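Encoded as structure tokens, the structure appears first; notes follow it.
The values are calculated or read from the model by the stated rules, or taken from the named source; none is laboratory data. Given the structure is predicted, the values throughout are model-derived calculations rather than measurements. Backbone-built Cβ (ideal geometry, glycine too); neighbour counts: all protein chains shown.
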Amino acid sequence: MPQDKNATPRAPLLTVEQALGYIRDNLQPIEGYEQLALREALGRVLAADVLSPIDVPPHANSAMDGYALRAADLPAGGEVTLRVTGTALAGHPFSGSVGDGQCVRIMTGANVPAGANTVVMQEDVRREGDVIHVGGGHRQGANVRLPGEDIATGATVLARGRQLTPADLGLLASLGIAEVRVVRRLRVAFFSTGDELCSLGEIPREGQIYDSNRYTLHGMLRRLGVEIIDMGVVRDRREDIAAAFRQGAAAADVLMTSGGVSVGDADFVKETLDALGKVNFWKIAMKPGKPLAFGLLDRTAFFGLPGNPVSSMATFYQIVQPALRRLTGQQDQAPLRLRVPCASPLKKSAGRADFQRGILEYDGAGQLTVRSTGPQGSHVLSSMSRANCFIILPAEWENVEAGTTVEVEPFAGLI
């Protein structure tokens with residue numbers, strides 16, 4: 001759970017890395033776990049290391065179709081003739097043993113018969129009826145997979161903090177493991193603030209807009225597999241704001257708000273947060289997404305996101321999502337970033353890292369390139385809808401000419 005280290009950053013404008021570092025130092029993974037059947041565990045985070053109960057493979061088996069034989073029978077030169085005494089198939093082992101001058105026809109995956117220690121590929125022998133002719137150049141143990149060669153009994157198969165993938169489920173099933181211990185779902189409550197917001201199904205009054213942020217937040221949180229508590233739109237009234245913060249902090253591991261934390265917003269929002277816990281109001285050197293609040297309301301982590309829709313999403317992906325993963329005990333994982341040429345010019349002023357919305361695609365020559373989605377205002381939510389990546393421009397950069405190599409962060413795997 002969160003822990004307050006009383007170490008407020010002093011910088012007037014924090015970098016994304018500084019903000020992430022401070023948040024990481026003040027959060028600890030939640031407690032509690034569930035025991036789940038394998039089919040129910042996809043996407044969940046392991047609460048303990050998984051150790052293999054068996055060797056994989058459990059028996060010596062053949063890596064090729066061929067003939068199982070004794071290495072002692074292999075010729076140093078010339079050719080040797082061996083008698084075929086049976087067949088070994090995957091799931092149907094040969095029940096006898098291989099003696100002097102004998103061999104067994106064997107298929108890939110079949111257990112190597114007793115007495116044999118080498119498999120010669122079928123392409124390297126000449127068969128005539130019940131005998132084969134084998135030449136030189138073969139080594140002892142060739143084409144034999146030994147017990148425990150892939151995984152040994154007691155070895156750590158998957159480490160605590162791993163988010164389970166379909167391949168992981170198959171791996172666990174191959175070990176006969178039917179259930180796993182996973183971290184309980186993180187509980188995240190969120191609400192939007194502002195008298196200007198109107199919920200879907202309502203008719204907007206003059207000066208009101210529909211609340212989109214709760215729907216993007218709900219979607220982003222659902223992708224993370226957390227338990228979601230949507231508290232709706234809270235009006236700009238002191239008693240309503242205070243009640244919402246108390247309710248959210250009591251019900252969830254994390255409380256998030258959209259809007260209400262920028263300079264100039266209603267003072268009672270900040271007053272309420274100060275009364276309930278320790279919250280820092282930051283200016284982050286990123287665009288979009290400059291305002292951000294983070295802190296602890298008792299034992300509940302709090303994130304106050306900007307109200308502009310693109311700012312809210314960019315801040316969530318770059319700062320909040322890594323924090324939520326830390327709370328579930330997930331292993332640290334740097335996002336995939338690529339360097340590609342930019343096919344369009346980009347506008348930028350120095351001072352803040354810019355997370356522009358882009359379209360990553362192949363050009364006519366089959367080379368990956370990126371281009372802008374168009375207008376990049378923090379209110380242009382369609383720029384996020386059209387995009388499939390962030391174009392990440394360092395704080396010191398200014399306008400970018402077409403053809404410049406830039407860094408991109410694909411949405412695939414991020415969102």
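Within the span defined as segment 297-314, one or more residues are assigned by TED's automatic domain parsing to the domain that holds residue 21, at pLDDT below 85, closer than 24 Å to residue 351 by Cβ and not in a strand (DSSP E or B).
Within segment 48-74, the residues that satisfy the criterion of being more than 19 Å from residue 144 (Cβ to Cβ) and touching a strand residue (DSSP E or B) at 6+ places or on another chain (Cβ under 7 Å) are 48, 49, 50, 51, 52. Checked against the criterion of being under 18 Å from residue 139 (Cβ atoms) and among the charged types (D, E, K, R), the candidates 39, 70, 105 yield just one match: 70. Checking each residue in segment 160-196 for being within 30 Å of residue 229 (Cβ to Cβ) and either without any contact (Cβ under 8 Å) to a residue 24 or more places away in the chain or part of a loop (DSSP other than H, G, I, E, B) (or both) picks out 160, 161, 162, 164, 165, 168, 184, 185, 186, 194, 195, 196. Checking the structure you have, find out if any residue of segment 127-138 is under 25 Å from residue 76 (Cβ atoms), surrounded by fewer than 17 Cβ atoms within 10 Å (Cβ to Cβ) and touching a Pro at 6+ places or on another chain (Cβ under 8 Å). Yes: one or more hits. Of all the residues in segment 243-286, those that are farther than 30 Å from residue 356 by Cα and at pLDDT 90 or above number 11.
Checking each residue in segment 209-242 for being assigned to a loop (DSSP other than H, G, I, E, B) and either in contact with a Leu (Cβ under 7 Å, 6 or more places away or on another chain) or at pLDDT 90 or above (or both) picks out 211, 212, 224, 225, 226. Is one or more of the residues making up segment 74-94 of a type in the set (D, E, K, R), surrounded by 15 or more Cβ atoms within 10 Å (Cβ to Cβ) and free of Cβ contacts under 8 Å to residues at least 60 places away in the same chain? No.
In segment 1-52, the qualifying residues are those that are at pLDDT 95 or above and assigned to a helix (DSSP H, G or I), and the one that is surrounded by the fewest Cβ atoms within 10 Å (Cβ to Cβ) is 39.
Within segment 207-223, the set of residues being surrounded by 18 or more Cβ atoms within 10 Å (Cβ to Cβ) and either outside the structural domain of residue 304 (by TED's automatic domain parsing) or among the hydrophobic types (A, V, I, L, M, F, W, C) (or both) comprises 217, 220, 221. For segment 370-415, filtered to residues that are crowded, with 20+ Cβ neighbours inside 10 Å and of a type in the set (S, T, N, Q), the residue that is farthest from residue 164 (Cα to Cα) is 376.
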